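Nothing in this text is a laboratory measurement; each read-out follows from the coordinates by a stated rule. As the structure is a computational prediction, the values presented were derived from the model and not from experiment. All Cβ positions, glycine included, derive from the backbone under ideal geometry; neighbour counts span all protein chains shown.
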Amino acid sequence: MNSKKKEPLIHITKRKALTWKQEWLVRLAGILIALILCAVITTFTTHLNPFGVYAAMFKGSFGSPRKIWVLGKELAILLMVSVALAPAFRMKFWNLGAEGQVTVGTLATAACMILLGDKIPNGVLILIMLIAAIVAGALWAFIPALFKAKWNTNETLFTLMMNYVATQLTAYYIIKWESPKGSGNVGIINAHTEAGWLPTLAGQKYFLITIVAAIVTVVMFIYLKYSKHGYELTVVGESQQTARYVGIKVDRVIIRTLLLSGAICGLTGWLLVAGSDHTITTSLAGGRGFLGVMVAWLAHFNPIAMVLSGLLLVFMSRGAGEISTTYGLNPSYGDILTGIILFFVIASEFFINYQLHFRSSKGKEE
Amino acid sequence: MFNFVTFFPRAVVQSVPLLLGCTGETISEKSGNLNLGIPGVMYVGAISGVIGAFLYEQKSGANFNNFLAVLIPTLACLLGSLLMGLLYCFLTVSLRANQNVTGLAMTTFGVGFGNFFGGSLIKLTGSDVPSIALSSTSLAFTKTLPFASKAGVIGKLFLSYGFLTYVAIAIAIIASYVLKRTRTGLELRAVGENPATADAAGINTTKYKYFSVCIGCMVAGLGGLYYVMDYANGVWSNDAFGDRGWLAIALVIFTIWRPNLAIFASMLFGGLYILYLYIPTGTDLAVKELYKMLPYVVTILVLIAISLRDKKENQPPASLGLPYFREER
Amino acid sequence: MQNNPIAAVSMRNITKTFGSVVANNNVSLDFYRGEILSLLGENGSGKTTLMNMLSGIYYPDAGEIMIDGQPVQISSPKDAYDYGIGMIHQHFKLVDVFTAAENIILGIKPEKGKKMDLADASRRIREICDLYGFDVDPNQKIYNMSVSQKQTVEIVKVLYRGADILILDEPTAVLTPQETDKLFAVLRNMKADGKAAVIITHKLHEVEAISDRVAVLRKGEFIGELITSETNAQEMTNMMVGHEVSLNIERPEPKDAHPRIEVKGLTVRSNDGVLRLDDVSFTANTGEILGIAGISGCGQKELLEAIAGLQAVEKGEINYIEDDGSREPLIGKDPLEIAAMGVSLSFVPEDRLGMGLVASMDLTDNMMLRSFRQGRSLFTDRKSPKKLAEKVVEELDVSTPGVDTPVRRLSGGNVQKVLVGREIASAPTVLLTAYVVRGLDINSSYTIYDLINRQKERGVAVVFVGEDLDVLLELCDRILVLCGGRVSGIVDGRTADKREVGLLMTSLQGGGDKDE
């Protein structure tokens, strides 16, 4: 049993803190390697020229002013969701329910448009839609937050289940409102009167959405970094004990933060229905609730950095859409590529925090 | 009227993917790995099986052999799920990445992987069939015992299922036994509760985490395979598997990390999943959509109930979700 | 050791770094079978790190380890066990939801083809207990055990695995004097058995009582060794610190003492209904240090947290007495409401990084914890906390790269200085401290005692929960002894003796254990 043990082949230690420049270089390297790997995989599975594929993706994202605007809108919506999640995550509240919070926001907006359509002035209608969407989103986040605050109920699964409840609720109303009857969908709401549609600013349909997202992002950045609320929720996230010790009311902070988180999701739903799609389906949120988690995490919950991580993911999905039309591939191919890039970015965090020592190189170092 | 004899088998059929997913996730969580990638793994398991079966059906032609028709997709499914498990382990165990984010990325990847190959398999292989309908393979998977149909109500309730149903139940029972009664199970639980302690006791925590996550993924992957081959009669359609992966994860808490309880809990959930078909709603189709909420609402109520009475033994593994680095200080 | 010239363990030129911190620099250390070696050093001098390289937790960057003269590689705890090395860590390595027996057999590879046999293991555990005089119920769950029971399980675990080289990292920190005596008796038994043992402790009288030899580390370097019988506490301290230190704690006479905090019939239950404090009554006076002694987990935490407004109370009164004699109840108020009453109450909790400070935040942000609400602005003011942080760093001699370093990166003593500095900065009238010098080296400890004495002279009512009876007896004016959540006595710090207090700590038979 006392046979001679070998020195470990690879030995891992924590490394000294890197400068933020080095950190971003590591992440960039991760993304580059991922893109190369994606190219190789693309060639093997589809026998297409990977450069052609990337060129097509680039064209799909930036190929024309219209495409750039669509990209901007997609980024804005995704950014809104990610920014909404940031305070909750910084508080270590794993809100996987953004999907549902956005969905109820779309539902509330659509409900106002359908029910109040031509009965009140358009400005008032849009305002009521806005309030309804924000209240609905906030409510959807409030329920799990309340139980988390009072009884420490597992929020990850609670919020996740709330997504499906929201989806089914929307499905119920879609059948109620379907037009024409029996079609199973609602169609464009107020197609003739355009009641409740957000106005076109500066000649661009998506201008308003982009502006709203930019404002929300900057405000959230300031809120998290400089406000008393932002400080409180960070303390709660790091240690609830410490928070109580200095007299922070933990349950109140949890609920307040989630109300904010849900309200922004609701606002996103409002933008989606009133500003972009003008209809309601069960999947308007389109998985952004989950994608937003990753955007937020990749940016270390810093709203400004989320613009970059969000752009990366939106570029992938827009690009994948282009590939599918150009090459007749299934659009899910984009999800595969996105997944691969995420894996590499996740992995690159390791090389930021840890250092490897190999057996052979050891003698030379010391 | 509510007909239990027709309802129960349908509930069981619904329960099998949930049971396999739940058992797999439990094995993984017991070693401290909260794998939110399980929904993706189940997609990959399913599509791997489909690819295996598709290729076999294309190649075998007249020499179609029932045994191989089961074996090849099963092995393909296990291999696909294993690779996903290894990926998750490499990122979270070896590279100590955040488990939640890794899991979500795996789900994005896995669902995309399933839908991509589901949608493009025919084009990629240059076949001339109109859609993926693996009816011969499915028949092999759903074969029941020869006397089942003659055994009346008992046969209908208990013997009318394909072999994977019984495999799922067997896996759950074995997993329960191993976790609770064996030294391997004890050490596995120690790794999930307190990896530093397990490590100091000389247990190879990395090995245990890798094995339990990978086995967990393979078990969960079988759930995906069952769904396509047995439940869906060999027909792949994109996104049809839906949210079952997430429900399976919720079921883990519902069953307080006990796979043997999951056998019954999954049937209960399976029943809730299809209950809307049995509730008379007249002409109001919309109400059915509300009934479909049932499994989720019940899950939420269960989560609340469990949080209200917290007992030491019913808590999640103490280090669930946390990476372990021996030289942390 | 004369008749066994080959060292049981010989560590040669060991170096270990963590990031930019050098924990051990070129350390060489030998110890032999049949002897007990004390490893002495201030906090952060690298004692635990050095021993963790023997137990396989850390792997050295450079250097060589030999066991019985044979060079070995210890790259995991399993390797360490294979070489017969067993370590009892300062923070117990036990799985809470497992039984004692399950914890003890954890990680032992069974003989081929044998199933797990807990009954057989329990039998062997009882044999070991009988041999050394332990009392362990193999089927008891760890979370139902007291600290001393947990430690016994740790020792049995090491013996069960047949270790003959034992390392104990601050094993007495949580024990009463009586329990410590029992532990030392066991260690002497093992020494007579021919086992080698290393004990890490800060208590010099224990070093003198148990060890044959003393090795001293300072700032990660090996300073020298001494034969215990040929040295004394003063010499050891000087070696450890590197310069002359006075080992006397001053105790100024209380001036103008009058009641400040009055506790009457305080009864507290934990969330799961266990009685934590049972009918506790006492008064804390201004300008006086009231010591609280007791086995750890006897209600000290609950008592301080109840006064600080962090613990729900079942029954009883806690009153704050103003200078004019008027009483204001504190019960039912949270820390914010207490502060709003104009009561300046400071609290240095036991768990510094879990409760008093936020580990990942920098010094400035941690200073802000107490003051961030000031002003009506929606935004936080970071300027004055930054000034305070700089002041604390300068006045208390905190060693840190800067005020924007996360406190997690600081060593234990410096973390404590930051916390105490902040709590004192608010000019409190009541200062509650829990185990304020736990894990601190002599130098830092004396700095803290000094700070507390300054507060006392300012007329602050100080409540000092401690574990080292020698310190309590030297520092405090009065000592309240808790046992199983009850007050078993209040003694005068100037006249009481250690045995008396030790007996009071265990006087209500088994009280501590029963309520755990």
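The mean number of Cβ atoms from other chains found within 10 Å of a Cβ in peptide C:348-359 is 4, as a whole number. Phi angles across the range C:357-370 convert, under the Karplus curve 6.51 cos²θ - 1.76 cosθ + 1.60 with θ = phi - 60°, into 3J(HN,Hα) values of 9, 9, 4, 8, 8, 7, 4, 4, 5, 6, 5, 5, 3, 7 Hz, Gly and Pro given as x. Name all residues of the range C:333-377 having a backbone nitrogen under 20 Å from the label point set 7 Å from the Cα of A:R252 along its Cα→Cβ direction, giving them as ranges. Once the point is set 7 Å along Cα→Cβ of A:R252, C:333-345, C:368-377 turn out to lie under 20 Å by backbone N, inside the range C:333-377. Rounded to the nearest Hz, the phi-derived 3J(HN,Hα) couplings of the range C:46-62 under the Karplus curve 6.51 cos²θ - 1.76 cosθ + 1.60 (θ = phi - 60°) are x, 5, 5, 4, 4, 5, 5, 6, 7, 8, x, 6, 10, 10, x, 6, 8, where x marks glycine and proline. Shielding value for A:291-300 is 2, the average number of Cβ atoms from other chains within 10 Å of each residue's Cβ. Counting, for every residue in C:95-105, the Cβ atoms of other protein chains within 10 Å of its Cβ and taking the mean gives 4.
Here C:I227 and C:D120 are evaluated by their C-beta separation; at R0 = 45 Å the FRET efficiency comes out at 0.55. For the range C:353-426, pairs of C-alpha atoms spaced more than 20 angstrom apart make up 20 percent of the total.
Between the amide H of C:G294 and those of C:L482, distances stay under 5 Å, these residues lying 5 or more places away or on another chain, with hydrogens modeled in the peptide plane. Spatial offset of the range B:1-45 relative to the range C:92-106 amounts to 32 Å, using the alpha carbon center of each. In the protein assembly as shown, the DSSP-assigned H stretches of four residues or longer account for a calculated mean residue ellipticity at 222 nm of -17500 deg cm²/dmol, using -39500 (n - 2.57) per stretch and the full residue count as denominator. Screening chain B for DSSP H helices whose Cα atoms reach 30 Å or more along their own axis and whose mean Kyte hydropathy is at least 0.5 gives B:4-30, B:38-60, B:66-89, B:99-125, B:205-226. Distance from the C-alpha centroid of the range A:61-104 to that of the range A:235-302: 10 Å, rounded to the whole angstrom. Highest mean packing first, where packing is the average number of other Cβ atoms within 10 Å per residue, the peptides C:323-336, A:207-220, C:271-284, B:237-250 line up as B:237-250, A:207-220, C:271-284, C:323-336. Per residue, the convex hull spanned by the Cα atoms of the protein assembly as shown measures out at 204 cubic angstrom. As a calculated quantity, the FRET efficiency between C:E394 and C:R327 at R0 = 35 Å, using C-beta atoms, amounts to about 0.35.
By the beta-carbon count within 10 Å of each Cβ, the least crowded to most crowded order of C:F31, B:F109, fewest first, is C:F31, B:F109.
Scanning residues 5 or more positions from C:N24 or on other chains, those with amide H under 5 Å from its amide H are C:K16, with H placed 1.01 Å from N in the peptide plane.
Loop-only check: which GluC sites (Glu not before Pro) in the range C:200-260 are DSSP coil with at most 12 other Cβ within 10 angstrom? For GluC sites (Glu not before Pro) across the range C:200-260 that sit outside H, G, I, E and B with at most 12 neighbouring Cβ atoms in 10 Å, the list reads C:E244, C:E250. A cut-off of 5 Å between modelled amide H atoms, ignoring neighbours fewer than 5 places along the same chain, links C:L175 with no other residue. In order along the range C:24-30, the Karplus-derived 3J(HN,Hα) couplings, from 6.51 cos²θ - 1.76 cosθ + 1.60 at θ = phi - 60°, round to 9, 10, 6, 8, 10, 8, 10 Hz, and Gly and Pro are given as x. The orientation-averaged shadow of the Cα convex hull for chain B, equal to a quarter of the hull surface, comes to 19.5 nm².
Given the range B:168-214, what whole percent of its Cα pairs are spread farther than 18 Å? More than 18 Å apart: 29 percent of the Cα pairs in the range B:168-214. Entry for chain C at q = 0.05 Å⁻¹: log10 I(q)/I(0) = -0.21, Debye formula applied to identical alpha-carbon scatterers, no solvent contribution. Look at C:K47, C:K93 and count the other Cβ atoms within 10 Å of each Cβ; fewest to most, that gives C:K93, C:K47.
Per-residue Cβ neighbour counts within 10 Å put B:F116, C:F18 in the sequence C:F18, B:F116, beginning with the fewest.
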